Amino acid sequence: MMDFLKQELASLHSDYPVYELLGALYGGSSLVLRHGGALSISFTSKSPLIIRYLLTLSSMALANWNPEQATLSRIGHKLNFTIDLTAAQVQQLFSGLPPLEPTTLERHLRSKHAAAAFTRGFFIMSGYAAVDGTHLEFSCSLPVGRHLVERSLTTLRIGHGSEIRRTSEITYLKSREGIMSLLGAWGASNSLLSLEELQLEKDMDSQINRSVNAELGNLEREIEAFERLRVSFHHADRSRLSSRTLEVVQARLRYPDLPLSQLANKIPGHLSKSTIQYHINKVLRNAR
């Protein structure tokens, strides 16, 4: 699910590119301060689609964007995308505050639109989603990134947990409903549909399993009841049993699969289910 989801998210139009770029920045970039308040942001990814997404975001989000600010290089099997921000662009993104003290951004993330855009960009750069849609997580090397993600998820009213895993700060979702809500906030309709189909298949499998288990339970009880009656009848003092009781029990042992309503048709006379059960219980008591 993860690659499919990231590809879908990276191909969506961004209505709030500044917050989405900031999410990508806190999720998966390295920052290098330059002289005079300038800043370099460097992203690394194996996916050309994600690199193209970052380039598009930058051109949409940054004021006075100049394509010459961006450089692309290859590092082994990965692509490296670096943006040299001007001091004015740094001011635009961080409101004059250091990136590690994003108090203004945190206030903005109380808006659902900003929170959805921020987490979308963050996930594209450093997110993971299980194939079956039961687990989704954000990974960040700095506590500030985890804090901003959790602020955003709280705004979106999505339950989440967190943990430290080696050198990474992890925020995770384990509720399928929460994951589906987040996909809806991101506008990932294709992934959401796939997850809904998985949920439907899971519900159907569970329903089938419950039905099968119930049938097996009924069958086991029927087999157990039949065997108990067979043994009881074998050890019973038949001289103490009426001819009607013998007739009923022999019919029951001859047709073990029939419900009592149909078994009555195999016995001469008109017997009710309660009468048949009475004769069966009589043999069981006699055996005890």
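Nothing in this text is a laboratory measurement; each read-out follows from the coordinates by a stated rule. Computed from a prediction, not measured in an experiment: that's the story for all the values here. With ideal geometry, Cβ positions are generated from the backbone for all residues, glycine too; neighbour counts draw on all protein chains shown.
A simple count of charges around PRO268, restricted to other residues whose Cβ falls under 12 Å of its Cβ and scoring Lys, Arg +1 and Asp, Glu -1, yields +1. Positive end of the dipole of the chain (Cβ unit charges, origin at the Cα centre): among ILE223, TYR26, THR119, the Cα lying farthest that way belongs to ILE223.
Think of each Lys and Arg Cβ as +1 and each Asp and Glu Cβ as -1; about the Cα centre, that makes the dipole of the chain roughly 1380 debye. Assuming charge only on the beta carbon of Lys and Arg (+1) and of Asp and Glu (-1), the dipole of segment 171-288 about its Cα centre is about 1140 debye to the nearest 20. Whole angstrom only: what separates the Cα centroid of segment 165-195 from the Cα centroid of segment 88-124? Comparing the Cα centres of segment 165-195 and segment 88-124, I get a distance of 20 Å. Taking a straight Cα-Cα cut-off under 25 Å and skipping sequence neighbours fewer than 8 places away in the same chain, the lysines within cross-link reach of LYS78 are LYS6, LYS46.
Could you list the trypsin sites (Lys or Arg not before Pro) in segment 123-159 that lie in coil according to DSSP, counting only those with at most 13 other Cβ atoms within 10 Å of their Cβ?
Filter output for segment 123-159: ARG157.
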